[in-house]
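Please read through the structure below; I'll follow up with questions.
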Amino acid sequence: MTESSKPQAQYLKDYKAPDFLIDHTELTFDLQPLTTKVSSLLTLTRVGDNKAPLVLDGIDLRLLSLSIDTVDITDYEIIGEQLIINNLPDSCQLSIVTEISPETNTSLEGLYLSGGAYCTQCEAQGFRKITYYMDRPDVLSTFDVTVIADTKFSQLLSNGNQVDSGETQDGRHFAKWQDPFKKPSYLFALVAGDFDVLKDNYITQSGKNVELALFVDKGNLSKTPHAIASLKKAMQWDEARFNLEYDLDIYMIVAVDFFNMGAMENKGLNIFNSKCVLANQETATDKDYHTIESIVGHEYFHNWTGNRVTCRDWFQLSLKEGLTVFRDQEFSSDLGSRALNRIDAVKVMRTHQFSEDAGPMAHPIRPEKVIEMNNFYTVTVYDKGAEVIRMMHTLLGEPNFQKGMALYFERHDGQAVTCDDFVSAMSDASGVNLDQFKRWYSQAGTSRLNAIQNFDLDSNTYSLTIEQFAPLNQQSNAPLHIPFAIELLDVNGQSIELEYQGEKVNHVLNVTQPSQTFHFDNMTAKPVAVLLEDFSAPCILNQETDEHELLHIIRFARSDFSRWDAQQQLFIKAMKANLNSVESVGLSDEIINALRGLVNEKQGDLALIAELLKLPSFDTLAAEFEVIPVDEIVNIAEQFERQIADELTNEFITCFESLIDDGSVNASAVAIRSLKQLCLHYLAKTNDPHAADFIKHAASSKNMTNVLGALSAAVKASHELCEELLNYFDSQWRHDVLVMDKWFALQAMQTGDNAIDNIKALYEHPCFDFSNPNRVRALVGSFSHFNTSQFHRLDGKGYALLGDLLIKLNAINPQNASRMLTPFMSWKRYDNTRSTAMRLQLERLANLDGLSADLFEKVEKALK
Ligand code: B3K
Ligand code: ZN
């Protein structure tokens, strides 16, 4: 690639307000698979420099005409992906007619035809694949949209309210939609298809009736009740917790099979990946139910945090995504188990986000330089972004946080704003100074914290020193404002009231300096400290807590999250100790006995117990090392699992048999299934004959959680039943591709020597399709993320499999290719043999003709 043909970067510092406003947009789509005509009429007003040309974005468009009041415009040029029109009057109605080809658009961005339906995806910059436009989030316009299509596409949908429909003279039909709310182009949506519809309604807190409609492929109505129930819960929750009510008369969700991500919050017309909508007990697991509820909630919550108040530019993406993830996490926590939701969120942070932060794609939650915006829908922007909002919530408290939200909407409803605007609203409403806190928006990387504890028996004082170290891979490294939550436990496990010199001390310490010491007096003995309680800041904490103290925390901490965290620390310590010693000693009797106690007693939340009994994932352990000792981690984890399985076989059998699941999806049945599944996971690794019976029984259940639990246990233990069960599953479910994705994912986990050939053979399976992101992720994504021993084979065949796939996907769907590349991004963290083999694949990509901007940006960074 020559220097000038390389994709160019955009910088936050170069932001310039637009020179024109688009007050109104009228679009007419004449839908045809290869020649869709898009007629656009833009009402423009100049706001900037009166000599500035109008610059419109457009990709892969055939320009048919360009005119004002039927007079053709001649003073224009098309340079690369921009249409530049000179000498426009200060206000005018510009008419643009273009032609596009939805059927050949496999990028799943813009307007595309797949699975028998037309649909759009415009965020971040897909609208420019539909028509020439100021495709930037700070240009807000009202939209009138007319959709014309063959009558076999029986439903013609767009944003807002339907205002007209009918037949055309040539035997086709049309529908006209008006969206009264101004919106940027990324929230535009159009769908045309022949769907089954589930209709419902919701009465808002102010008494307004909202029509709800869920569109799914024919025959799928039995899989819709959960999504619609989730939507109603989300609407109700947003009113109760945030005082936010829905604003249009209708809320539509369409489920499609070909979609690059989970879902999209287009105003009034959400488009969802069908896997994030469709569920019934036979086809979906409890985890799927939970994911659906959370994503339906997430997209709904965007109506205020994202749509009513949107982003000034794409560097501000976390303004809407961090905040909306925080809101969906709170939704799930208020409706279900707060501890389990926190555990899930922290797992994402400690594995994916910390690893992104430590690698070549590290960026602040508000990035400063972007080549391909789609590459920045990251765990950093989303999940670390949500942690930053959560820290503000911790510092302000719920009442002040809600005052801040109210002020944010009062100031910015209908506007496109910045992260600074959000923080100002929070700070102004609460009186809490957030100046230093704002560094979280501009500093990348993960800070490390050292906790040094000291107990002085003479003065009965306990002191805690927190040192913060900025990440080494980053340039900006000023100290952060860290809310550091603690709990101090006495010898009986009671929580100690925190005080110093007669004053009560808040359990959230404000750490703002490189090193800071906090004192607590009236301590009669050294307390056991629960530090960074609830993961109150997204940092890596080093602490000298011994096994005895960790066991104390597991028993007594008030935060269930912190109990789980201590259990993880115990496992990690034991694994590291075993890795460092010549002779393997396994898990101590104390740890095994504590685990036995958990299985036997089954006290409290059973789903939490299941989590407490799980070993940390490979990624969690890998994060502990500078150079990842792949084989050692895999071996020690396997050895520990077998030790737990062998020593607690009887307990697992009794536990499994004693738990009766009533087949419902309520929280207690879900918890029972998760603990039973955990028992099965361990039992499959023993030689006990009960294991085969339990597995066979669960595999024939009518409940997908049980079925998948059984198959997953069998596959992970390479159990002799594996092949038979997988074949049976295939024969049962071939008609349902979403269920077959679970099967592809299981196949991807097989660890035999023929694992790679097996995957290649599955490319030929009738359900597999390279152009469907769900299929590709289920098979190859599961392989590269979770089949550690095969993906990281020393002969490099695992890496070559992914490299080959990426070359293929680069041409089909660059966005998906770029996502699938992620495992290669941390190549430098592996031993010589592995890192050399991974680099080879990156170099293959770097030399590829026609490398997409998506892959270019990540490959270039990785190889730097
Ligand atoms: N806003 C969309 C994501 C768009 C991704 C574009 N590559 C879904 C969401 O976060 O709700
Ligand atoms: Zn979102």
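The values are calculated or read from the model by the stated rules, or taken from the named source; none is laboratory data. Bear in mind the structure is a predicted one, so any value in this text is a computation, not a measurement. In this analysis, Cβ positions are derived from the backbone assuming ideal geometry, glycine residues included, and neighbour counts consider all displayed protein chains. Calculation scope for accessible area: heavy atoms of the full protein, side chains included, ligands and nucleic acids excluded. Shrake-Rupley method; radii C 1.70, N 1.55, O 1.52, S 1.80 Å.
Looking at the structure I just gave you, is Leu231 within 15 Å of ligand 1 (Cβ to nearest atom), within 26 Å of Arg775 (Cα to Cα) and under 22 Å from the mean Cα position of the chain (by Cα)?
no
Can you name every residue in the range 248-268 that is more than 10 Å from ligand 1 (Cβ to nearest atom) and in contact with a Gly (Cβ under 8 Å, 6 or more places away or on another chain)?
Leu248, Ile250, Tyr251, Met252, Val254, Val256, Asp257, Phe258, Lys267, Gly268, listed by residue number.
Read through the list (1) more than 20 Å from Phe376 (Cα to Cα); (2) within 16 Å of ligand 2 (Cβ to nearest atom), then give the number of the only condition that Ser274 fails.
(2)
Write out, first by first residue and then by second, each pair whose Cβ atoms fall under 6 Å of each other, whose residues are 6+ apart or on separate chains, and whose first residue, in the range 652-665, is open to solvent by 70 Å² or more (accessible area, probe 1.4 Å) while the second is outside any loop (DSSP other than H, G, I, E, B) and not small (Gly, Ala, Ser).
Pairs that qualify, where the first residue is open to solvent by 70 Å² or more (accessible area, probe 1.4 Å) and the partner is outside any loop (DSSP other than H, G, I, E, B) and not small (Gly, Ala, Ser), are Val665/Tyr289.
Still on this structure, please answer the following. Take Gln125 and decide whether it is within 30 Å of Cys419 (Cβ to Cβ), crowded, with 21+ Cβ neighbours inside 10 Å and touching an Asp or Glu at 6+ places or on another chain (Cβ under 8 Å).
Taking the combined requirement at face value, the residue satisfies it.
Here's something else I'd like to know. Could you give me the residue pairs with C-beta distances under 9 Å whose first residue belongs to the range 264-275 and is within 23 Å of Arg777 (Cβ to Cβ), whose second residue is within 9 Å of ligand 1 (Cβ to nearest atom) and small (Gly, Ala, Ser) wherever it lies, and which are 6+ apart or on separate chains?
Listed pairs, sorted by first residue: Glu265/Gly306; Asn270/Ala263; Ile271/Ala263; Phe272/Gly262; Phe272/Ala263; Asn273/Gly262; Asn273/Ala263; Lys275/Gly262.
Taking the range 29-58 as the region of interest, how many residues are open to solvent by 50 Å² or more (accessible area, probe 1.4 Å) and among the hydroxyl-bearing types (Ser, Thr, Tyr)?
Number satisfying all stated conditions: 1.
Next question, about the same structure. Can you name every residue in the range 183-209 that is part of a strand (DSSP E or B), surrounded by 22 or more Cβ atoms within 10 Å (Cβ to Cβ) and out of contact with any Lys or Arg (no Cβ under 6 Å at 6 or more places or on another chain)?
Leu190, Val191, Ala192, Gly193, Phe195
Give the range 395-408 a look and list any residue that's in contact (Cβ under 8 Å) with a residue 40 or more places away in the chain and crowded, with 18+ Cβ neighbours inside 10 Å, or say none.
Going through the range 395-408, the residues in contact (Cβ under 8 Å) with a residue 40 or more places away in the chain turn out to be 395, 402, 405-406, 408.
Selection gives Leu395, Met405, Tyr408.
Out of (1) away from ligand 2 (no atom under 14 Å from the Cβ); (2) open to solvent by 10 Å² or more (accessible area, probe 1.4 Å); (3) touching a Ser or Thr at 6+ places or on another chain (Cβ under 7 Å), the odd one out for Ser332 is which?
The number of the failed condition is (2).
Within the range 79-112, which residues are assigned to a strand (DSSP E or B) and closer than 23 Å to Val47 by Cα?
Of the range 79-112, the ones assigned to a strand (DSSP E or B) are 79, 82-85, 91-100, 110-112.
Result: Gln82, Leu83, Ile84, Ile85, Ser91, Cys92, Gln93, Leu94, Ser95, Ile96.
Can you name the condition, by its number, that His302 falls short on among (1) of a type outside the set (A, V, I, L, M); (2) within 20 Å of Ala117 (Cβ to Cβ); (3) open to solvent by less than 10 Å² (accessible area, probe 1.4 Å)?
His302 satisfies every listed condition except (2).
OK, next. Answer yes if at least one residue in the range 686-698 is within 22 Å of Leu278 (Cα to Cα) and within 32 Å of the chain's Cα centre (by Cα), and no otherwise.
Looking for residues that are within 22 Å of Leu278 (Cα to Cα) and within 32 Å of the chain's Cα centre (by Cα), one finds none in the range 686-698, hence no.
Would the range 358-367 turn up any residue that is within 16 Å of ligand 1 (Cβ to nearest atom), farther than 30 Å from Pro18 by Cβ and open to solvent by 10 Å² or more (accessible area, probe 1.4 Å)?
no
Are any residues in the range 304-314 away from ligand 2 (no atom under 11 Å from the Cβ) and under 18 Å from the mean Cα position of the chain (by Cα), and if so, which ones? Explain how you work it out, then say what you get.
Going residue by residue through the range 304-314, those that are away from ligand 2 (no atom under 11 Å from the Cβ) are 304, 308-314.
Listed by number, the list holds a single entry, Trp314.
Can you report the number of residues in the range 276-299 which are assigned to a loop (DSSP other than H, G, I, E, B) and either free of Cβ contacts under 8 Å to residues at least 40 places away in the same chain or crowded, with 24+ Cβ neighbours inside 10 Å (or both)? Can you show your working first?
Step one: of the range 276-299, the residues assigned to a loop (DSSP other than H, G, I, E, B) are 277-285.
Those left that are additionally either free of Cβ contacts under 8 Å to residues at least 40 places away in the same chain or crowded, with 24+ Cβ neighbours inside 10 Å (or both): 277-279, 284.
Number satisfying all stated conditions: 4.
Among the residues that make up the range 166-180, is at least one of them modelled with pLDDT of 95 or more, open to solvent by less than 10 Å² (accessible area, probe 1.4 Å), part of a loop (DSSP other than H, G, I, E, B) and of a type outside the set (Val, Ile, Thr)?
no
Further question: Of the conditions (1) outside any helix (DSSP H, G or I); (2) within 16 Å of ligand 1 (Cβ to nearest atom), Asp328 fails just one. Which one is it?
(1)
So, restricting to strands (runs of 3 or more DSSP E) that lie completely within the range 484-578, which ones have at least 1 residues that are within 30 Å of the chain's Cα centre (by Cα) and under 30 Å from Glu641 (Cβ atoms)?
Values: elements: 508-511, 515-520, 528-531, 540-543.
Here the list reads 528-531, 540-543.
A further question follows. Examine the range 772-783 for a residue that is within 30 Å of Ala622 (Cα to Cα), in contact (Cβ under 8 Å) with a residue 40 or more places away in the chain, more than 25 Å from the chain's Cα centre (by Cα) and open to solvent by less than 30 Å² (accessible area, probe 1.4 Å), and state whether such a residue exists.
no
On to the next question. Identify, from the list Thr224, Thr305, Thr285, the residue that is modelled with pLDDT of 95 or more and within 13 Å of ligand 1 (Cβ to nearest atom). If you could, list the steps in order and put the result at the bottom.
Numbers: Thr224 fails: within 13 Å of ligand 1 (Cβ to nearest atom); Thr285 fails: within 13 Å of ligand 1 (Cβ to nearest atom).
Just a single option satisfies the conditions, and that option is Thr305.
Answer yes or no as to whether Glu547 is open to solvent by less than 70 Å² (accessible area, probe 1.4 Å) and without any contact (Cβ under 8 Å) to a residue 40 or more places away in the chain.
no
Of the residues Thr28, Thr45, Thr74, Thr70, only one is without any contact (Cβ under 8 Å) to a residue 60 or more places away in the chain, β-branched (Val, Ile, Thr), touching a Ser or Thr at 6+ places or on another chain (Cβ under 7 Å) and more than 16 Å from ligand 1 (Cβ to nearest atom); which?
One residue alone meets the criteria, Thr45.
Follow-up. Name the single residue, out of those in the range 338-357 being open to solvent by less than 10 Å² (accessible area, probe 1.4 Å) and of a type in the set (Val, Ile, Thr), that is farthest from Lys287 (Cα to Cα).
Val346
Okay, residues lined up against (1) assigned to a helix (DSSP H, G or I); (2) open to solvent by 10 Å² or more (accessible area, probe 1.4 Å):
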site: Val707; (1), (2): yes, yes
site: Ser718; (1), (2): no, yes
site: Leu725; (1), (2): yes, yes
site: Met740; (1), (2): yes, no
site: Gly752; (1), (2): no, yes
site: Asn758; (1), (2): yes, yes
